[in-house]
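Single-structure report; data block below.
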Amino acid sequence: MIKLVWLVPLLPLIGFIIIGLFGKKLSKGIVGIIGSGAVLGAFAIALGIFFELKGSVQKEHTIDLFNWISAGKLSIPFSFLIDPLSSLFLLIITGIGFLIHVYSTGYMSHDEGFFRFFAYLNLFIFFMLLLVLGSNYLIMFVGWEGVGLCSYLLIGFWFKNTAYNNAAKKAFIMNRVGDLGFLLGIILIFVTFGSIGYHDVFEQAKNMASGNATLTAIALLLFVGAMGKSAQLPLYTWLPDAMAGPTPVSALIHAATMVTAGIYMIARSNILYTLSPDAMNVVAIIGVCTALFAATIGLAQNDIKKVLAYSTVSQLGYMFLALGVGAYTGAVFHVMTHAFFKALLFLGAGSVIHAMSGEQDIRKMGGLKKYISTTHITFLLGTLAIAGCFPFSGFFSKDEILAHAWEHNKLLWFLGILGAAMTTFYMFRLYFLTFHGKFRGTHEQEHHLHESPKSMTIPLIVLAILSVVGGLIGIPEALHGTHYLEEFLSPVFESSSFRLVHHLSHETEYLLMGMATLVMIVAIYFAHSIYVKKNTVPAAEGEELQPLHKLVYNKYWIDELYESLITKPLNLISEAFYKLVDNQIVDGIVNGVGSLITWLSSVLRLAQTGNIGFYVFVMVISIVLILFTQLF
Amino acid sequence: MKALILLSSLGVIALLAEIFSFKKLLYPIVLLGLITTFVLNMFDWDTNKLYFKMMQFDNYAVAFTAVILVVAFLWFIMAEGFFKEESNLTDHFALVLFALVGAVMMVSYTNMAMLFLGIEILSIPMYILAGSNKTDVSSNEAAFKYLIMGAFATGFLLFGIALVYGATGSFDLSEIAAAVSGGTALSSIFYVGVLLMLVGMAFKVSAAPFHFWAPDVYQGAPTVVTAFMATIVKTAAFAAFLRLFSTTFSGVSETWMQTVWVMAALTLLVGNITAVMQTSTKRMLAYSSVAHAGYMLLALLAANNYSNSAILYYASAYSIGSIATFAIVNIISDAKNSDGVDAFNGLSKTNPMLAIVMTIALLSLAGIPPTAGFFAKYFIFTSAFMAGNIGLVLIAIIASLIGVYYYFRLIIAMYFKESDGQTIAVESNHKIVLVIIAIAIVALGLFPDYIIGLL
């Protein structure tokens, strides 16, 4: 199976080509089957690879496909790396990807751009697979840029809406800022190690001293790339706006897969980070700040998708916190569980929006549990999972992260648990406002309420099951379980793990788990008493808010800050350059040269008198000049 | 040598056709003869035969002969109308064929006597052909100017040959080269001789400031004759120029390098700049032809191993591009009685095929990838750059930027101006050849190695 790995990205690519070229002529059913089938095929192979890898002793396979670039001393093969980390990501991408494809056949069934949507989705899966499969940084970069492109295309999928187009542009441009860091990091890696293949780089890096300045620089540059793609402070503002895309896109790209590319990259390069403690600290601090910051914004949002978007930013922050404190397995674990429950929540939100005829404002929902019970139950399970309720998946992964944070620095733990409390609160606020109480929408919407078709509910159920039991593959020792994931991933983090020894007594772990659960219960209680018992509904648009509430509701005016600090000055400079440099200087030079040549031409033309006497005269003069200058 | 004999025989057959009245058959005979000549010429490849210490068919000679024959074949097809008039038909054939004989001699001589003979055998038919449109005053004027100026230049060339002979005691190129590198001081008349020969050759390739004849003659002569002069004559003249100066006189390069440098710069600037203001396409192409001589002078100046193949490639690319443009100008001006840029307005609507071929040819002349013209310039510039002539390369790049302006003026006229709606009838054999030329231009640009690797 491992030999067949090239088929994994190839299948979605073929799907993209077929749908992209002929999709217009095919029926929606066939487009859906091709699109989903391609991903299902990839998933089947990925599953085969996973089990083969699990059974075999050799945990690292490099599959050389062809020689890609060779110029000077730079030689880059196009080859894939199969190891536990990449095979796990293959499963997440193709598995969740397949479910979301199926969901989309229902969700997008009325859209005229149906085939275009599936073409983009398949292309996205292709690039994402390339990103995790490549055996060197350049292939990762190709995938990295490719998913950025697909994200742009899908956010602006309804391109007739200017606001959506702007959101797409924002995502693309902000990602480019991060990409620059990533690219510089790759270049620095090449300069330092003379190669960009993972194997060569990590083997050499292992023998370097901890705290090496170059390593730290590389790690920080790569992290800048991760900040952009994984929406960390200060490059996070594109992700909430990215909710302009169709909901399955939000689920697949902006929650489950693409945004985790940054985590994958750092987990892949773990040795570089382990050897640069300063960079690790930066990652941890940015991570926890993002987790907390986004959680506070999530408290006051009223758009169902925006709440989930900020919760994604916040959860990504936890993953970076994990990476920063050396809990690489924890980060990957959380990527996985988060992929389950966040995809579930987004698809559930999609189902709600579908039922509400496109309404996304939770102030206009309420009491939906009567009408859409499947969606309701699955959504509740997802909410419990993200809140970290025992024994749902989120509990184990979040617990692992917080335990490592405690060990590293108590403050990090405290901030982390504060964020977790807010997460629980805003998620339950969302849940209660949507599904409990009285219906607050229009009469027409109420009349129209209906459960989504099977193609949408079945993925919800599958994801709900995964969200519930997904955590069982990583039960900590303290609970007398086996951490299968840690075992499986251990070869990848081998060189890092003996440098980062963990020792936390079981008693402390129980204490931490108890604290987390207590905090969660308190948060649920508050949410329940405010939004169910008192039936509070968030203030309507335009109502005067408390200063603090207003600050959070307006997302700390960060977008406005960026607008006036960066966008506006850039536009001003651009305009100045356009008016002065381009219009006056550049155009002036160009037009001036043009006029000069035309003038010269009209003068030189006069030399061509047509008079032979003159021609001969010039010849003779020239000959005299030549002889004179050359011989005397 | 086979090419030389066969072409001469074809010329004689053309004369006999008048007497034995098989005039009608002459056109196919000549075309077939050219193909045969081309094939037989290829058998001389790698033989490197020396004939009587007068001519040597080395690969240089064979390759240039081949280029000349291919261009002549294309030219014959495009110039079919030129061979349809009843009177003087056989004369036209014979003159062109003998001119080709002269061209072959010019690319293969090893003796200055043969050089002179070749030049004269080529030039005298051209004087007559330039005036072949006997009722047209400007054609007469062109012939007359060409003859007088040509005779003047030949005088200098002959004087130069005489002086070189006087200094070295030989007409043979290898003996002269031996004398140059012999170490014994040469008489000063030798240097005067070299410079006078340089002047003679510069006139033939229409390098400034000896280019004044070219625009007038090119415009006055019938368009097909102009096409012949701009392609075959120029290719042969450059081959002869390079053969003499890159080997025999390379030992005294300090005598003539500076002059060639100045001539190249002048030719590039004068040719390209003056072309900008021309309203007649024929005259514009005449100046463009002058300008292209400037680019080829760059390779002469470089005079390294690279420059032979660079000139061969440039001459091929330039010649087939020019044949196409002149052929289309001929078709348009015949149909519209005007060779102004306006005559091309809206050609893309009325005759899209002509417009596309013309565009490809013009892009090639302007040096835009992926056409042959781009690599032609690239190779020339590289060879000059490697020889250290960075300043001249800069001038050449500026000159080719100016060139883009006037070539694109025609393209803009064809695509963005309103036409008068008149569709021009094009004979099918012309169409076929034009398409073949267009394909060849692109193919040469995509696979330049096939020519550049020859020498």
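Okay, here's what the table says:
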read-out	value
Looking only at the range A:182-215, and only at residues there that are buried (at least 20 other Cβ atoms within 10 Å of the Cβ) and under 11 Å from A:Y273 (Cα atoms), the one that is nearest to the chain's Cα centre (by Cα)	A:L215
Unique match (being among the hydroxyl-bearing types (S, T, Y) and either more than 14 Å from chain A (Cβ to nearest Cβ) or buried (at least 23 other Cβ atoms within 10 Å of the Cβ) (or both)) among B:T154, B:T168	B:T168
Test: residue in the range A:578-586 that is over 30 Å from A:P240 (Cβ atoms), basic (K, R) and either surrounded by 13 or more Cβ atoms within 10 Å (Cβ to Cβ) or at pLDDT 85 or above (or both)	yes
B:G182 being more than 19 Å from B:A237 (Cα to Cα), surrounded by fewer than 21 Cβ atoms within 10 Å (Cβ to Cβ), without any contact (Cβ under 8 Å) to a residue 24 or more places away in the chain and more than 14 Å from every other protein chain (Cβ to nearest Cβ)	yes
Unmet criterion (only one of (1) at the interface with another protein chain (Cβ under 9 Å from one of its Cβ atoms); (2) closer than 30 Å to B:D342 by Cβ; (3) among the polar types (S, T, N, Q); (4) surrounded by fewer than 24 Cβ atoms within 10 Å (Cβ to Cβ)) for B:Q258	(2)
Top-ranked residue in the range B:204-234 [being buried (at least 24 other Cβ atoms within 10 Å of the Cβ) and of a type in the set (F, W, Y); ranked as farthest from the other protein chains (Cβ to nearest Cβ)]	B:F228
Residue match in the range B:272-284 (condition: touching a strand residue (DSSP E or B) at 6+ places or on another chain (Cβ under 9 Å) and within 14 Å of chain A (Cβ to nearest Cβ))	yes
Test: residue in the range B:115-136 that is under 23 Å from B:E427 (Cα atoms) and surrounded by fewer than 22 Cβ atoms within 10 Å (Cβ to Cβ)	yes
Inter-residue pairs, beta-carbon under 7 Å, first assigned to a helix (DSSP H, G or I) and in the range B:1-14, second among the polar types (S, T, N, Q), 6+ apart	B:K2/B:N41; B:A3/B:T37; B:A3/B:N41; B:A3/B:T65; B:L6/B:T36; B:L6/B:T37; B:L7/B:T37; B:A14/B:T90
Check on B:I77, touching a helix residue (DSSP H, G or I) at 6+ places or on another chain (Cβ under 6 Å) and over 18 Å from B:I5 (Cβ atoms)	yes
Residue count, the range A:558-579 (criterion: of a type in the set (F, W, Y) and either at positive phi or over 28 Å from the mean Cα position of the chain (by Cα) (or both))	2
Residue match in the range B:287-305 (condition: free of Cβ contacts under 8 Å to residues at least 60 places away in the same chain, surrounded by 22 or more Cβ atoms within 10 Å (Cβ to Cβ), farther than 18 Å from B:P222 by Cα and within 14 Å of chain A (Cβ to nearest Cβ))	no
Residues of the range B:124-139 satisfying the condition of being in a helix (DSSP H, G or I) and in contact (Cβ under 8 Å) with a residue 60 or more places away in the chain	B:M126, B:L129, B:A130, B:S138, B:S139
Filter pass, A:S79 being in contact with an Asp or Glu (Cβ under 7 Å, 6 or more places away or on another chain) and part of a strand (DSSP E or B)	yes
Residue in the range B:389-397 that is at pLDDT 90 or above, within 14 Å of chain A (Cβ to nearest Cβ) and over 16 Å from B:G321 (Cα atoms) present	yes
Any hit, the range B:99-109, residues being in contact with a Gly (Cβ under 7 Å, 6 or more places away or on another chain), outside any helix (DSSP H, G or I) and over 17 Å from B:T226 (Cα atoms)	yes
Candidates A:I597, A:I589, A:I621, filtered to the one that is among the β-branched types (V, I, T) and either touching a strand residue (DSSP E or B) at 6+ places or on another chain (Cβ under 9 Å) or farther than 27 Å from B:V404 by Cα (or both)	A:I621
Unmet requirement for A:A231, which otherwise passes all of (1) farther than 27 Å from A:I63 by Cα; (2) in a helix (DSSP H, G or I); (3) out of contact with any strand residue (DSSP E or B) (no Cβ under 9 Å at 6 or more places or on another chain)	(2)
Test for A:A331: is it over 30 Å from A:S351 (Cα atoms), surrounded by 24 or more Cβ atoms within 10 Å (Cβ to Cβ) and out of contact with any strand residue (DSSP E or B) (no Cβ under 9 Å at 6 or more places or on another chain)	no
Candidate set from the range A:599-627 (those that are facing chain B (nearest Cβ under 7 Å) and exposed (fewer than 14 other Cβ atoms within 10 Å of the Cβ)); member that is farthest from B:Q278 (Cα to Cα)	A:G610
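To keep it simple, each residue is scored yes or no on (1) on the phi > 0 side of the Ramachandran plot; (2) surrounded by fewer than 18 Cβ atoms within 10 Å (Cβ to Cβ); (3) touching a Leu at 6+ places or on another chain (Cβ under 8 Å); (4) at pLDDT below 90.
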| position | (1), (2), (3), (4) |
| --- | --- |
| A:V31 | no, no, no, yes |
| A:A42 | no, no, yes, no |
| A:A46 | no, no, yes, no |
| A:L53 | no, no, no, yes |
| A:D64 | no, yes, no, yes |
| A:D83 | no, no, yes, yes |
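The values are calculated or read from the model by the stated rules, or taken from the named source; none is laboratory data. Note that this is a predicted model, so its numbers are computed, not measured. A quick note on method: Cβ atoms are made from the backbone with ideal geometry, for glycine too, and the neighbour counts reach across all protein chains shown.
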